1. Quick one: what are the phi-derived ³J(HN,Hα) couplings along region 8-21, Karplus 6.51/-1.76/1.60 with θ = phi - 60°, whole Hz, x for glycine and proline?
2. Mind listing the long-range amide H neighbours of residue 30? Cut-off is under 5 Å, sequence gap 5 or more, other chains count too, H placed in the peptide plane at 1.01 Å from N.
3. In whole Hz and in residue order, list the ³J(HN,Hα) couplings for region 31-37 that follow from phi through the Karplus curve 6.51 cos²θ - 1.76 cosθ + 1.60, θ = phi - 60°; x for Gly and Pro.
4. Pick from 69, 38, 58: which residue has the top mean-square fluctuation in a GNM of the chain where Cα pairs under 10 Å get a spring?
5. Mind checking the angle between helix 62-79 and the chain's longest principal axis? C-alpha axes, 0 to 90 degrees, to the nearest 10.
6. Using the Kirkwood formula on the Cα atoms of the chain, what hydrodynamic radius do you get, in angstrom to one decimal?
Amino acid sequence: MLLAHGSEPNKSADRRIGFAIRYIPTHVRQAVGMRDSATLVRGTDSYNYFEHEPRPTADCTPEALALHAGIVGRQVQVLYRGTGQEHFRP
């Protein structure tokens, strides 16, 4: 996928860090792979297509970090499906 952005090329040996927020309506569901998860930010969810992620109670608690690791693990299985790649470089 091509992505337009306004930052300069990364000329360092470090990875570029990205941050994405996806807002979707509750009637949208994951079509491929396993069930995904999401945090309900507004309204009600009458479809229950996503596992509900709890809202954070504090920054980087051990429970939140463990939850995040599990979520990323599930997403990697969907995003890398069919590529032979089973994990990304943390």
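Readers should treat all values here as calculations from the given coordinates under stated rules, not as data from a laboratory. Note that the structure is predicted; figures quoted are calculated from it, not measured.
1. Using θ = phi - 60°, the values come out as 6, x, 7, 9, 8, 7, 7, 6, 7, 9, x, 9, 10, 10 Hz.
2. Residues meeting the amide H criterion: 36.
3. Rounded to whole hertz, the list is 8, 10, x, 8, 5, 9, 10.
4. Looking only at 69, 38, 58, the biggest GNM fluctuation is shown by 58.
5. That works out to roughly 80 degrees.
6. On the way: mean 1/r = 0.0628 Å⁻¹.
15.9 Å is the Kirkwood radius here.
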